[in-house]
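The values are calculated or read from the model by the stated rules, or taken from the named source; none is laboratory data. The structure presented is a predicted model; accordingly, all values stated were derived computationally and were not measured. In this analysis, Cβ positions are derived from the backbone assuming ideal geometry, glycine residues included, and neighbour counts consider all displayed protein chains.
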Amino acid sequence: MIHATEAARTSPAGSVPGDRPGKARRFALSATTRGGMGFFLPVFALLSLLITLWILATPLMAYPDEPSHTIKAAAVSRGQFFPGPGESFGHGVHVQVPSYIANVQAQMCFPFQVTKPAGCAPAIPLDDNDLTIGVTSAGLYNPFYYWLVGLPSLVMSGAPAIYAMRIVSGLLSAAFYAAGFTALYRLRHPKWPLVAAAISTTPMVLFLGSGINPNSLEIAASMAAFCGLVSVLENSRHLERARPGILTVGIAAATLANTRNISLLWLLCGAIVACLFFRRADIVAIFRNRVVLVVTALATVGIVLGVAWNFLMLRAPASAGEAPAGISNVAGEVRPYNAFLTMMDKSFDFVGQYIGVAGWLDAPVPQAVQMFWSMLLIGLMLTVMLVRPYRLQAAFWVAVALLAVVPAVVQAALINTTGFIWQGRYSLPLFTIAVISAGLAMRFRPFGQRPQSMTIARILLVAGCVAHAYAFVNVLRRYVVGIQETANWQTMFTVPGWQPPLTWEVLTLAFTAAVLLCASKLFSYLFPGHTLLPKRPWPSRTRRARKRPAAEAAAG
Amino acid sequence: MTGCSGGTPVSEVRGSLTAIGTPVQKGPIEAWSNAWSKELTATSLNYSPDGSGVGLTALATRQAYFAALDGPLTAEQQNQTKDVCGPAGAFSVPVSVTSIGVALNNPSLRNVKLTREVLAGIFSGSITRWDAREIADINPDITLPSDDIAPIVATEPSVETEAATKYLSADPAWTSGVSATWPKTDNGNTVTVKKHSDLADKVDKTPGGIAFMDLGSIGSRFETALLSFGGGYVRMSKDSAATAAQEGTTRTLPTGVEFTLPETSNQGYALGVVGYQAFCGKYSNHQLSTLVKSWGTFVLSSDGQVSSTYFASVASPSEEAIRESKKLIDTIGDAQ
């Protein structure tokens, strides 16, 4: 069954080649693009809003490794791309940054102490702009992300500058996530993939968009590249319909190559999974298209630049010392195979971090949220098992296997140089690909439009909103009053130990409203003509309205 | 003026200090940093224990605001810092005394006394068993085990090794002189580790093991030998180390304050390393000079010295050395 919205999109006017003259055809293509932008822009706006609210709710430097990445961003935006001789030490690379940036470490009075509110952090002065030595353990990382994110520090100062840097970072992530959602939206059967993509947008994914760290961009660009490639492969015979997808893949691939040196691995995994959903003929067909070839060539330039950076950094001036504990965790003699098995053993332990462990792993989302998302993930997995023919499941199971095996292989390779360093957030690009793959495996299954299906969807979406809002306010609680042995929600009102910009109350209300808006948009898309929250008048008012004429008549 | 992050009010003393230097001061600097930042919340310290020489080079090339050194600044070293620190260059002050003990891994050995001569024999390979006559002669009340002795040494050069070989070289039995690296011996029982910081784990895993280690690494983990410094045999402890430190000598020179542990002591434990910190006389701006001065003042204050003694098991230099050093720290200013 093809629904109205799908039918309208799969047979757009003028989309069949050759049935319209030149001008009209060009117009038709631009209409397709406009349709995509019509989806992309609202999704980008909504995701930007959600991420910005997380940015405001997360105290400065309450994000993993944020001090190092903030210092690196301020340095790169000031032209310090490469560490010079004598600037590399055991604890990191020395750069020259404004004093308020160099001193962001002073904000770190509350991480790892869950009972301590964030109010202990000193104010960040607006006028401490003398250049001073800053230390960053991200000194050898590719400067692309940092240059963009550091730009606000050239024109602003103090805490507003750091918030602005965070917002630039968040907008980058939001753009790639929105591009990924848009690519899925353009599939012939987009509903299940979009539902899966919504499930993959866990509280952790939104939280990770809130800090200065390329981790979130890496996840978002991996998701965009994967979804873009799927949309391109699906349209391998009509690639003129897939130009936004082609562009998305190109930009995301080049961005990934210039984010972190391991990011290309996620791109490779995404490409493998995407290709498994289609036939070899589809894959071959896309490389006969001129636009694909041009974008591939441009993306290759970006990839080559990213790879070249990695080789360049191998020749960076030697460090004067060894990395201290915390940066390097080499302890004892662990053989690579043992590290691999340990990682495989812990595969399910990381799921909690895919769902939500904010802060420096010291602000977990409530257990109820973990349970809800675990239910969604297991439900998705079980539903994939019902898909026939089995061939359609193959790509999903490969994606799950990659999620388990690839981080284990990488950790095993690093065990003798860095020790055990793996965290769940590092695997989120693969997690996102695996969850969306579930939706792609199910894409040919009919999307129920019966009232029962709508009721279930309504319950799940409202529950999802509650879970997102509960996770958000609980993380705020950790920073406003700390997580104590006994419940302390009331002290958030009476004696808050920290207040974010706009206050936690306003942020919570705004986040709840924003997440409800997202859910209602998704519901209206999944069930055209219906709304998430029924637009019926209140029963009491209705009863009163019914009674009034009778009463008036009696009085008359 | 504050940003929109709220937080506690802005203090005059604020900013980030970056320092490079000796690994020996890693523990004390951590203790000082924690206590200093607790008092002055808008401050932070980045310290990289990459070596005393690296620290001095970093200070002279604007890559550090102070350097933690294994010894006092020399005139030549001071000259190297004049481009960065102003015409007077940098100066150094003593900040801590790290005691070096002889750690043992043999449950049968309690209150065992060892002389310089015996230790020289053990570390040069001529004494290889715990029940050797030379050890039995000075420990008549102890039943010594008939086990092999396993001297454990680090192959990397270190100031701790230099202090140990200096202690041994006062006896003619030690012929290898003073050196930052242990001489190679024919003793098949000798165990080596790469880094000084690996010694504690190796001693723990080696029955019959013996090694020169700092008090912080020894803690309550190992039994230590009683040594003699010209008087009776002394057990290494925070108190005996403090006693020796108070008997040290202080000299004020153009390069800073020099502090030397006594050669002999009746009740003090005088085997140790004096840690120094080198500062510029002038810094580029007022905020930075205020910050560095605050650090130096805190390190030499009674609160600072109590912190390092309690948390890092180092002794304070003598009162005179501290007093002279404080005078120099007070002279730190800015070029503006």
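Residues are listed down the side, and each one gets a yes or a no for (1) modelled with pLDDT of 95 or more; (2) within 26 Å of residue A:460 (Cβ to Cβ); (3) out of contact with any strand residue (DSSP E or B) (no Cβ under 9 Å at 6 or more places or on another chain); (4) not aromatic (Phe, Trp, Tyr):
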{"site": "A:480", "(1), (2), (3), (4)": "yes, no, yes, yes"}
{"site": "A:487", "(1), (2), (3), (4)": "no, no, yes, yes"}
{"site": "A:503", "(1), (2), (3), (4)": "yes, no, yes, yes"}
{"site": "A:506", "(1), (2), (3), (4)": "yes, no, yes, yes"}
{"site": "A:509", "(1), (2), (3), (4)": "yes, yes, yes, yes"}
{"site": "A:512", "(1), (2), (3), (4)": "yes, yes, yes, yes"}
{"site": "A:517", "(1), (2), (3), (4)": "yes, yes, yes, yes"}
{"site": "A:521", "(1), (2), (3), (4)": "yes, yes, yes, yes"}
{"site": "A:528", "(1), (2), (3), (4)": "no, yes, yes, yes"}
- For the stretch B:221-246, pairs from a residue that is outside the structural domain of residue B:271 (by TED's automatic domain parsing) to a residue that is among the basic types (Lys, Arg) and not in a loop (DSSP other than H, G, I, E, B), with Cβ under 6 Å and 6 or more apart or across chains, are B:226/B:113; B:233/B:113
- Can you confirm whether the stretch B:104-111 contains a residue that is in contact (Cβ under 8 Å) with a residue 24 or more places away in the chain and closer than 15 Å to residue B:184 by Cα? no
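Out of the stretch A:137-157, which residues are facing chain B (nearest Cβ under 10 Å) and in contact with a helix residue (DSSP H, G or I) (Cβ under 6 Å, 6 or more places away or on another chain)? Outline the logic, then answer.
Initially, the stretch A:137-157 is screened for residues facing chain B (nearest Cβ under 10 Å), giving A:156-157.
Within the stretch A:137-157, A:156 is the sole residue that qualifies.
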- Query: Pairs under 8 Å by beta carbon, first residue closer than 17 Å to residue A:70 by Cβ in the stretch A:98-117, partner outside any loop (DSSP other than H, G, I, E, B) and among the charged types (D, E, K, R), six or more apart or different chains?
  - Reply: A:104/A:66
- Select from the stretch A:127-151 the residues that are farther than 22 Å from residue A:255 by Cβ and touching a Leu at 6+ places or on another chain (Cβ under 9 Å) and list them in ascending order. A:130, A:132, A:133
- Message: Given the condition surrounded by fewer than 23 Cβ atoms within 10 Å (Cβ to Cβ) and modelled with pLDDT under 95, answer yes or no: does some residue in the stretch B:292-299 qualify?
- Response: no
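Report yes if some residue within the stretch B:187-200 is assigned to a loop (DSSP other than H, G, I, E, B) and either within 19 Å of residue B:99 (Cα to Cα) or of a type in the set (Phe, Trp, Tyr) (or both); otherwise report no.
Looking for residues that are assigned to a loop (DSSP other than H, G, I, E, B) and either within 19 Å of residue B:99 (Cα to Cα) or of a type in the set (Phe, Trp, Tyr) (or both), one finds at least one in the stretch B:187-200, hence yes.
Kindly provide the set of residues from the stretch A:93-107 that are assigned to a strand (DSSP E or B) and either facing chain B (nearest Cβ under 8 Å) or surrounded by fewer than 23 Cβ atoms within 10 Å (Cβ to Cβ) (or both), ordered by number.
If we filter the stretch A:93-107 for residues that are assigned to a strand (DSSP E or B), which is where we start, we get A:93-98.
Listed by number, the residues that qualify are A:94, A:96, A:98.
Please specify each residue of the stretch B:219-236 satisfying the condition of being part of a loop (DSSP other than H, G, I, E, B) and surrounded by fewer than 16 Cβ atoms within 10 Å (Cβ to Cβ).
If we filter the stretch B:219-236 for residues that are part of a loop (DSSP other than H, G, I, E, B), which is where we start, we get B:219-222, B:225, B:229, B:231-232, B:235-236.
Across the stretch B:219-236, the qualifying residues are B:219, B:220, B:221, B:231, B:232, B:235.
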- So which residues in the stretch A:127-173 are of a type in the set (A, V, I, L, M, F, W, C), crowded, with 21+ Cβ neighbours inside 10 Å and more than 22 Å from residue A:306 (Cα to Cα)? A:133, A:135, A:159, A:161, A:162, A:165
- When you scan the stretch A:122-159, how many residues do you find that are in contact (Cβ under 8 Å) with a residue 24 or more places away in the chain and part of a helix (DSSP H, G or I)? 12
- Message: For the stretch B:64-82, give me each residue that is touching a Pro at 6+ places or on another chain (Cβ under 9 Å) and within 15 Å of residue B:50 (Cβ to Cβ).
- Response: B:68
- Among residues of the stretch B:5-63, those that are in contact with a Gly (Cβ under 6 Å, 6 or more places away or on another chain) and either within 8 Å of chain A (Cβ to nearest Cβ) or assigned to a strand (DSSP E or B) (or both), counted: 5
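Being part of a loop (DSSP other than H, G, I, E, B) and either buried (at least 18 other Cβ atoms within 10 Å of the Cβ) or away from chain B (no Cβ under 14 Å) (or both) narrows it down to one residue among A:509, A:502, A:532, A:517; which is it?
Numbers: A:509 fails: part of a loop (DSSP other than H, G, I, E, B); A:502 fails: either buried (at least 18 other Cβ atoms within 10 Å of the Cβ) or away from chain B (no Cβ under 14 Å) (or both); A:517 fails: part of a loop (DSSP other than H, G, I, E, B).
Just a single option satisfies the conditions, and that option is A:532.
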- Task: State whether one or more residues within the stretch B:15-32 are more than 25 Å from the chain's Cα centre (by Cα), crowded, with 24+ Cβ neighbours inside 10 Å and modelled with pLDDT of 95 or more.
- Result: yes
- Item | Options A:339, A:323, A:331: the member that is modelled with pLDDT under 95, in a helix (DSSP H, G or I) and under 28 Å from residue A:140 (Cβ atoms) | A:339
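For residues that are among the hydrophobic types (A, V, I, L, M, F, W, C) and within 14 Å of chain B (Cβ to nearest Cβ), tally how many sit in the stretch A:158-189.
Of the stretch A:158-189, the ones among the hydrophobic types (A, V, I, L, M, F, W, C) are A:159, A:161-162, A:164-165, A:167-168, A:171-172, A:174-176, A:178-179, A:181, A:183-184, A:187.
In the following step, the residues that additionally are within 14 Å of chain B (Cβ to nearest Cβ) were identified as A:159, A:161-162, A:164-165, A:167.
Qualifying residue count, the stretch A:158-189: 6.
Name every residue in the stretch B:243-290 that is within 14 Å of chain A (Cβ to nearest Cβ) and part of a helix (DSSP H, G or I), in order of residue number.
First, the residues of the stretch B:243-290 that are within 14 Å of chain A (Cβ to nearest Cβ): B:280, B:283-290.
Scanning the stretch B:243-290 gives B:286, B:287, B:288, B:289, B:290.
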- Query: Could you say whether any residue in the stretch B:305-313 is out of contact with any helix residue (DSSP H, G or I) (no Cβ under 8 Å at 6 or more places or on another chain) and among the hydroxyl-bearing types (Ser, Thr, Tyr)?
  - Reply: no
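Where in the stretch A:205-310 are the helices (runs of 4 or more DSSP H), entirely inside, with at least 3 residues that are crowded, with 21+ Cβ neighbours inside 10 Å and of a type outside the set (Phe, Trp, Tyr)?
By residue number, A:215-234, A:243-257, A:263-276.
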- Query: Could you list, in sequence order, the residues of the stretch B:139-156 that are touching a residue at least 12 places away in the same chain (Cβ under 8 Å), under 20 Å from residue B:113 (Cβ atoms) and either among the basic types (Lys, Arg) or part of a loop (DSSP other than H, G, I, E, B) (or both)?
  - Reply: B:139, B:142, B:143, B:144, B:145, B:146, B:147, B:149
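Just give me the residues in the stretch B:69-91 being under 27 Å from residue B:239 (Cβ atoms) and buried (at least 20 other Cβ atoms within 10 Å of the Cβ), in sequence order.
The answer is B:69, B:70, B:72.
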- Matching option when the condition is more than 8 Å from chain B (Cβ to nearest Cβ), surrounded by 24 or more Cβ atoms within 10 Å (Cβ to Cβ) and assigned to a loop (DSSP other than H, G, I, E, B), among A:110, A:82: A:110
- Message: What are the pairs with Cβ atoms under 6 angstrom where one residue, in the stretch B:157-173, is under 18 Å from residue B:274 (Cα atoms) and the other, located anywhere, is among the β-branched types (Val, Ile, Thr) and surrounded by fewer than 16 Cβ atoms within 10 Å (Cβ to Cβ)? Sequence gap at least six, or different chains.
- Response: B:157/B:181; B:165/B:178; B:166/B:178
- Residues that are β-branched (Val, Ile, Thr) and within 14 Å of chain A (Cβ to nearest Cβ), drawn from the stretch B:64-105: B:84
